[in-house]
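The values are calculated or read from the model by the stated rules, or taken from the named source; none is laboratory data. Just so it is clear, the model here is predicted, and its values are computed rather than measured. Cβ sites come from the backbone with ideal geometry, for glycine too, and all protein chains shown count toward neighbours.
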């Protein structure tokens, strides 16, 4: 499991670097349900695709994987709705130039799952450098069509030693 997470993280990093070398090329992902994947593999893929979508400004992909009632608690304790989160990203006040997830752990409970991990980012928020590592916990549910949707996310900044 750990090897898979590391391999996926490395692949995301390589793809991020390859695509960022071509700034005029627009990349859009589409969430496709993969019935042959085990739930933990599917959720690891979604978490890594989420990080990739942030860097590539793929707001459509994020809209697809976030539940309509999605709630994010940011590292400062502020609570954001899906609409507020996407609006902040679209406005350009939050700019990620790199995001790599690792240490992903998945626990599936029927049609619900708790996924934890760490993401290392290069990020500017309202002109301030907020780059670093963040620990997060995401709560996912399967919708009526069998697709995973993130309903809640909590992020904490990892203090640098």
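Quick notes on this structure:
- Selection status of residue 102, within 20 Å of residue 160 (Cα to Cα) and without any contact (Cβ under 8 Å) to a residue 12 or more places away in the chain: no
- Matching residues in region 114-144 - criterion: being touching a residue at least 40 places away in the same chain (Cβ under 8 Å) and under 18 Å from residue 41 (Cα atoms): 115, 117, 118, 119, 138, 140, 141, 143
- Scope region 88-117; condition surrounded by 14 or more Cβ atoms within 10 Å (Cβ to Cβ) and outside any strand (DSSP E or B); matching residues: 88, 89
- Of all residues in region 36-65, those that are in contact with a helix residue (DSSP H, G or I) (Cβ under 8 Å, 6 or more places away or on another chain) and in a helix (DSSP H, G or I) total 18.
- For the condition farther than 19 Å from residue 74 by Cβ and modelled with pLDDT of 95 or more, residue 106 qualifies.
- With respect to the conditions (1) closer than 16 Å to residue 74 by Cα; (2) in contact with a strand residue (DSSP E or B) (Cβ under 7 Å, 6 or more places away or on another chain); (3) buried (at least 16 other Cβ atoms within 10 Å of the Cβ), residue 158 lacks only one, and its number is (3).
- Residue list for region 62-80, filter: within 22 Å of residue 130 (Cβ to Cβ) and either surrounded by 14 or more Cβ atoms within 10 Å (Cβ to Cβ) or in contact (Cβ under 8 Å) with a residue 12 or more places away in the chain (or both): 62, 66, 70, 71, 72, 73, 74, 75, 80
Residue by residue, here is whether (1) outside any loop (DSSP other than H, G, I, E, B); (2) modelled with pLDDT under 95; (3) farther than 21 Å from residue 149 by Cβ; (4) within 14 Å of the chain's Cα centre (by Cα) holds:
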site	(1), (2), (3), (4)
67	yes, no, no, yes
71	yes, no, no, yes
84	yes, no, no, no
119	yes, no, no, yes
135	yes, no, yes, yes
